[in-house]
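Data first, discussion second: the structure below is written as structure tokens.
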Amino acid sequence: MSNSQENKKPNKALKIVLNVILWIFLAFAFVTMIFAFTSTSNKYGISTLGNKVILTVKTDSMEPTIMKGDMIVGTTLSDEEKKALQEGDIITFYVDLNGDGVKELNTHRIVSIEHSGENYQFYTKGDKEGATEDPGSIYLNDIVCTWHEGDTQIHGLGGVISFIQGRVGFLVCVILPLIALFVFEIVRFIVMAVRIKGKDKQKELSDEEKDEIRRQAIEEYKRSLAVDTEEKSADETVEPTATETTENTEGQGGTEE
């Protein structure tokens with residue numbers, strides 16, 4: 001096997017690896033863009049796919065049931081389904097956690113329910129040992145979804161999603177991979193163009209060599225014809241001289257007699 005063939009194998013493998021990595025980043029960027037789009041296109045302001053809500057657990061208040069950094073997938077509820085909630089159900093809801101007037105998402109377990117006619121109030125608490133009941137009550141409009149033990153839960157993935165949804169994460173996981181893919185495709189296009197041009201140049205040189213070989217062959221053929229013609233002319237010139245010599249010899253013999 002030639003050295004050129006041996007060098008082609010690692011180069012081909014490297015190209016395959018680079019292509020796989022770039023396409024993985026592209027797919028990851030596409031999924032991230034879906035998350036970003038869905039989080040701004042619904043009333044909850046979070047990522048949803050159909051009636052499924054993708055959530056990131058940022059605190060340890062629900063341990064050991066739900067760990068900090070977990071990703072869970074909840075199910076959105078209609079008003080009638082919210083009214084059917086029971087004590088012990090885990091819900092995600094909006095609540096002012098810091099007392100700054102801004103409501104944030106929280107996931108806790110229902111410990112009691114009060115309702116009078118259409119007015120429902122839910123009281124919640126975390127599962128962490130030593131936790132106390134949350135201050136205040138939760139209303140129907142505050143509830144986003146419910147999650148049951150056994151539903152989708154992926155440990156550690158929530159932190160990744162939170163990072164992606166941030167500005168830095170979006171830049172690193174979406175913008176930079178797209179730029180890298182764009183640059184890679186431009187470089188690959190330039191390399192292919194240079195190779196094609198080089199091949200065309202080699203092909204032209206080969207044609208010139210062929211023309212040179214044909215020209216040399218024709219010249220050689222002409223020279224051979226010229227040599228054959230000269231030899232024939234020389235033979236025709238020598239034959240009469242030989243005859244005359246013979247006649248002269250015979251004449252001399254006769255005189256001696």
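Return the subset of Lys15/Lys68; Lys52/Lys128; Lys15/Lys210; Lys68/Lys103 for which the Cα-Cα distance in this structure is over 31 Å, preserving the input order. Listed pairs above 31 Å: Lys15/Lys68; Lys15/Lys210. Packing here is the average count of other Cβ atoms within 10 Å per residue, and on that basis the peptides 71-83, 111-123, highest first, run 71-83, 111-123. Note on Lys52 and Glu80: the model spin-label points, each 7 Å out from Cα along the C-beta direction, lie 2.5 nm apart.
With coordinates expressed along the principal axes, the C-alpha atoms belonging to region 92-172 extend over 50, 32, 27 Å, beginning with the largest. Of the residues Phe25, Phe189, the one with the fewest other Cβ atoms within 10 Å heads the list, and the complete ranking is Phe189, Phe25.
Values quoted throughout were computed directly from the atomic coordinates according to the rules given, and no laboratory measurement underlies them. Predicted model only: the values in this text are computed from it and were never measured. When we count neighbours, we look across all protein chains shown, and the Cβ atoms used for this are built from the backbone with ideal geometry, even at glycine.
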